[in-house]
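Report on one structure; see the data block that follows.
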């Protein structure tokens, strides 16, 4: 077979070509700038529009796009590692990117076409996608009230959504709704359409600047090429969404270690019961910081392992080997569930026990160390970890399939 006879690619997915060092050199300076104002934004609930724009300008939205198409050619492992680095700087900003990166991944999994080429170009131009899937108290997607109905050459979207993370920063909104009959569709609509109303009514005590409020759609138009059957979304999207959230939790755990260490170094006195009058030489306080470092290490290791597993699924999708894809999806379900349990536990432990090394000065509003626990607890509440260990045990002992029968709707933490 000559090169001109080579079979057409099944998707836009390609083997990763980026290096960790190259990606860090590109993005870490931007992350450092974002970190500088994190505490001030938390205190005043200032939305990070400027910081999100910095990342758009730096090209974070095209990190997974192959180099030959204008992206950075990063693997999923590299992508989630970078997201954790960003979360260490500001977990709100990192969480804002979750829906955009997932939709980019969805289009990379799609078959090459003029429509999908157009989406790739939109990503390259810096256009940003926010989310609009979840409806209040709708236990299953069979109960969707939002509709995506055919109208002439296009579609009209009407309904109401909650947990619309990142929407206030977006150019496009990814909205799930019922089509004809039992069909479920996702429609991409323009954020600035007059039929779109976004309300900042997120009442959670953490992740307060992610724009995770309500969204209402009233006869919002969607073009023919911007509506897709939800059942055709990329097969590992639940794993992607969950691991993106775990990246943010990993970054929070590191931030707790960073800020706890700085606060301990700044302590001027110690308790009478202490092993040393100088806090930085008190063995018990050093032990606390050492244990927090273990939590940070465990979170990072678990994140890498889960992300590497998802990379194997993406490779199987690109190859077109259905049996291999199914096998790897099952293994990845186990890996991501194990990572979820590891990382949530690490984050909640680190953000709580770090105060044991700090004394009363550690609860100062000037330090705002409570933000780490509030943000971690909020993210950990998005997906029911209480069930995961049981499911894993049933798989290990009885061989029960750990992959939930949720098809396209398992988005790894969009529930309430």
Count - residues of segment 46-74 that are touching a residue at least 60 places away in the same chain (Cβ under 8 Å) and either crowded, with 22+ Cβ neighbours inside 10 Å or assigned to a helix (DSSP H, G or I) (or both): 6
Meets criteria (within 20 Å of residue 370 (Cβ to Cβ), surrounded by fewer than 19 Cβ atoms within 10 Å (Cβ to Cβ), assigned by TED's automatic domain parsing to the domain that holds residue 345 and in contact with a helix residue (DSSP H, G or I) (Cβ under 7 Å, 6 or more places away or on another chain)) for residue 304: no
Leading residue by the ranking (surrounded by the most Cβ atoms within 10 Å (Cβ to Cβ)) among those in segment 197-232 that are touching a strand residue (DSSP E or B) at 6+ places or on another chain (Cβ under 7 Å), in a loop (DSSP other than H, G, I, E, B) and touching a residue at least 40 places away in the same chain (Cβ under 8 Å): 213
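Which count do you get for residues in segment 260-295 that are under 30 Å from residue 75 (Cβ atoms) and surrounded by fewer than 24 Cβ atoms within 10 Å (Cβ to Cβ)?
2
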Criterion: at pLDDT 95 or above, closer than 28 Å to residue 317 by Cα, outside the structural domain of residue 226 (by TED's automatic domain parsing) and out of contact with any helix residue (DSSP H, G or I) (no Cβ under 6 Å at 6 or more places or on another chain) - qualifying residue of 81, 110: 81
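The values are calculated or read from the model by the stated rules, or taken from the named source; none is laboratory data. Just so it is clear, the model here is predicted, and its values are computed rather than measured. With ideal geometry, Cβ positions are generated from the backbone for all residues, glycine too; neighbour counts draw on all protein chains shown.
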